[in-house]
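Have a look at the structure below before the remarks.
The values are calculated or read from the model by the stated rules, or taken from the named source; none is laboratory data. Predicted model, so just to flag it, every value in this text is computed and none were measured. A quick note on method: Cβ atoms are made from the backbone with ideal geometry, for glycine too, and the neighbour counts reach across all protein chains shown.
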Amino acid sequence: MEELLNTTAAALKKAALNDDAKHLVLNNPALYQVLKKAADRYIGGETIEQTLVKAVHYNREGYKCSIEFMGENISTEFEAGLATKEFIKAIRHIQEQRLNSTISLDLSHIGLSLSEELCRANLEAICQAAEEANIEVTISAEDTYKTDKVLITYIDTAKIFKNLSITLQVYLHRTKDDLHEIMKTSGRIRLVKGAFETPPELALPRGSKLNQRYLDFLDQLLQREHLCSIATHDPYVQNEAKALIKAHGSKKEYYEFESLHGIQTERLRRLKDEGHPAKLYFVYGTQWYLYLCNRLAEYPQNVFTALLDIIGLDIRV
Ligand SMILES: Cc1cc2nc3c(=O)[nH]c(=O)nc-3n(C[C@H](O)[C@H](O)[C@H](O)COP(=O)(O)OP(=O)(O)OC[C@H]3O[C@@H](n4cnc5c(N)ncnc54)[C@H](O)[C@@H]3O)c2cc1C
């Protein structure tokens, strides 16, 4: 069974990055409609308005939120501009509704693959609007061939905007050194294990070594009271993180536990009920193909849940 699940995960990770498959699913009305039923479990909605309804609900329940307009690797300056406008619109909505929510984004969604200058200009426009609204902006981590550009853009922009945060993928071997550099900035560091198919010479697979590395990095952040986000659904890592928080006597303003909407939310609720800051991450938009593939790949049993969602059966697998 384990071998089957691993093969499924590898296939889904490849499918996630296949542009032809993405184009087919998102542009064929029948496929879009059917697979969207599986995506609905994870996404906030197709629009910011639909997502805000959920964010309002979870804010009332005591969760912080993070909202991302989905998309990556756009191919024209026009598309990068449209995405930038959408992020600024989301910021204005969060401000108007006085929500406790941050914004997350992929730099390739606002032009990184086209031109670093364009991307920086768009990021600065978003950070400016967010700073005026007192909202934090977090840069997501993408496929590892983009990591250098993403981190350099973050380091430079974080010198101007104190409301900018960054995501680091613990599975990458390089992250040990990156963490050291990034800790020189003051922005929050979100630790994730990493979602992309990456060769073993560049990254650790899931397992005890990766968990230990995650906890080592977190230990360094908590020890230095560096703002951080513990972004994992792994109950082992969450429990060990709680022990580290206790050992360091970490104050709540320095850390938060963060989960993706639709995934192991009951674990996040328990952390919240125990008094830890808890944040739910929402994505919205129509470009949900990559996001859905990643959620299925990282936990292939979700393929069965997806099938049940598609046929409309509400049964736990
Ligand atoms: C807030 C947030 C932001 C993220 N941003 C990025 C990013 O910018 N770049 C990036 O590469 N990755 C990102 N990720 C994804 C991350 O890298 C992992 O792929 C994902 O969180 C799964 O790893 P894990 O740490 O949760 O645990 P894993 O080691 O993958 O799994 C441990 C356990 O967690 C539970 N679990 C994990 N995933 C699922 C799932 N899909 N469905 C049900 N249960 C599950 C299961 O119980 C599983 O046994 C983000 C994750 C979060 C929570």
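Quick notes
Residues checked against (1) at pLDDT 95 or above; (2) in contact with a Cys (Cβ under 9 Å, 6 or more places away or on another chain):
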site	(1), (2)
I88	yes, no
Q95	yes, no
L107	yes, yes
S113	no, yes
I126	yes, no
E136	yes, no
A141	yes, no
K146	yes, no
L172	yes, no
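- Among the residues of region 1-31, just one is in contact (Cβ under 8 Å) with a residue 24 or more places away in the chain and among the hydroxyl-bearing types (S, T, Y), namely T8.
- Residue, farthest from G207 (Cα to Cα), within region 274-317, restricted to residues that are among the acidic types (D, E) and part of a loop (DSSP other than H, G, I, E, B): D314
- Residues in region 274-287 that are within 10 Å of the ligand (Cβ to nearest atom) and among the aliphatic types (A, V, I, L, M): 2 in all.
- In region 277-298 there is no residue that is without any contact (Cβ under 8 Å) to a residue 60 or more places away in the chain and surrounded by fewer than 20 Cβ atoms within 10 Å (Cβ to Cβ).
- Restricting region 174-189 to residues that are basic (K, R) and surrounded by 15 or more Cβ atoms within 10 Å (Cβ to Cβ), the residue that is nearest to the ligand (Cβ to nearest atom): R188
- Which numbered condition D309 misses (of (1) more than 12 Å from the ligand (Cβ to nearest atom); (2) exposed (fewer than 15 other Cβ atoms within 10 Å of the Cβ)): (2)
- Those residues of region 142-163 which are more than 10 Å from the ligand (Cβ to nearest atom) and either charged (D, E, K, R) or touching a residue at least 60 places away in the same chain (Cβ under 8 Å) (or both), in sequence order: K146, D148, K149, D156, K159, K162
- All told, L292 falls short of being away from the ligand (no atom under 12 Å from the Cβ), within 21 Å of the chain's Cα centre (by Cα) and among the aliphatic types (A, V, I, L, M).
- Note on region 49-65: residues that are touching a strand residue (DSSP E or B) at 6+ places or on another chain (Cβ under 6 Å) and not hydroxyl-bearing (S, T, Y) total 3.
- Among residues of region 261-276 that are at positive phi, those with a beta-carbon under 6 Å from a residue that is within 13 Å of the ligand (Cβ to nearest atom) at least six positions away or on a different chain give the pairs G262/R41; G262/Y42; Q264/H233.
- Restricting attention to region 94-112, the residues that are assigned to a helix (DSSP H, G or I), in contact (Cβ under 8 Å) with a residue 40 or more places away in the chain and surrounded by fewer than 17 Cβ atoms within 10 Å (Cβ to Cβ) total 1.
- Single residue of region 113-134 satisfying the filter (part of a loop (DSSP other than H, G, I, E, B) and under 21 Å from D148 (Cβ atoms)) that is nearest to the chain's Cα centre (by Cα): S113
- Residue that is farthest from L280 (Cα to Cα) [pool: residues in region 212-253 that are hydrophobic (A, V, I, L, M, F, W, C) and loosely packed, with under 15 Cβ neighbours inside 10 Å]: A247
- If you check I110, I139, I166 for being away from the ligand (no atom under 13 Å from the Cβ), aliphatic (A, V, I, L, M) and within 17 Å of the chain's Cα centre (by Cα), only one passes: I110.
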